[in-house]
Amino acid sequence: MKRLGLLLFLILAVALMGGNALAQNVGDNSVFFVTYFSYANTSGAPNAAVRFINDGSVGTGANLWADYYVFDDSQELQECCSCEVTADGIDSQWINAASTDSLTGNTLTGKPLTRGVIKVISDSAGNADSPTPTAGLRGFAVHVQPLTKSAYGVTETKVADSNLTTSELGTLGQLCTYAQLLGSGSGVCSCTPEDHDF
């Protein structure tokens, strides 16, 4: 009886491992990503960046947009924009406001940001205030980390895949619309041309 139980357990384990391997080969259909930034616009700290690659899965020549939503550490939207990512191309955006084009250079409040959250929707419409979520972007973020009181290092990690609910999609679009309408030009980030920052 024990041998039968052990045999059934082994068969189940192999089936589960095989199922996981199969699921990994299917691909990732994520459309919503989150990451953070820290020590931005801080004297002596290096600049950080967020990079998104169009994996080409939408089709040859099909462009996508990385819709950026930049929040301060009080959870308030400060900037939003849609940056084009051509098929098999890369979009790379600086964080620090000192850069010509950056994700914190034109805040809604006019105050420089030092830390916060960046949410990104993979979009086929190119409109951050009314996105059409479409899988195909893969993202990475450079994070600034303190080593000592006056020295900093950087790490780069994949951005986190997240669940995009209908409510979150609507809220991000509305917040971006309000920022564009009420900001009188503020609150809209500028997109650096593809891969020109490294």
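Regarding THR104, is this residue surrounded by 24 or more Cβ atoms within 10 Å (Cβ to Cβ), polar (S, T, N, Q) and in a loop (DSSP other than H, G, I, E, B)? Answer is yes for this residue.
Which of the following residues is under 14 Å from the mean Cα position of the chain (by Cα) and either among the aromatic types (Phe, Trp, Tyr) or closer than 17 Å to SER82 by Cα (or both): GLY139, GLY170, GLY183? First the steps, then the outcome.
Numbers: GLY170 fails: under 14 Å from the mean Cα position of the chain (by Cα); GLY183 fails: under 14 Å from the mean Cα position of the chain (by Cα).
GLY139 is the lone residue from the list that is under 14 Å from the mean Cα position of the chain (by Cα) and either among the aromatic types (Phe, Trp, Tyr) or closer than 17 Å to SER82 by Cα (or both).
Selection of the range 111-129 for residues being in contact with a helix residue (DSSP H, G or I) (Cβ under 8 Å, 6 or more places away or on another chain) and polar (S, T, N, Q) yields an empty set. Might you check whether a residue that is at pLDDT below 95 and of a type in the set (S, T, N, Q) occurs anywhere in the range 75-85? Checked against the condition, which is being at pLDDT below 95 and of a type in the set (S, T, N, Q), the range 75-85 yields no hits at all.
Here is a yes/no grid of residues against (1) surrounded by 16 or more Cβ atoms within 10 Å (Cβ to Cβ); (2) modelled with pLDDT of 95 or more; (3) in contact with a helix residue (DSSP H, G or I) (Cβ under 9 Å, 6 or more places away or on another chain):
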position	(1), (2), (3)
SER92	yes, no, no
THR109	no, no, no
LYS149	no, no, no
ALA160	no, yes, no
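The values are calculated or read from the model by the stated rules, or taken from the named source; none is laboratory data. Note that this is a predicted model, so its numbers are computed, not measured. Neighbour counts are summed over all protein chains in view; Cβ atoms, including those assigned to glycine, are modelled from backbone coordinates with ideal geometry.
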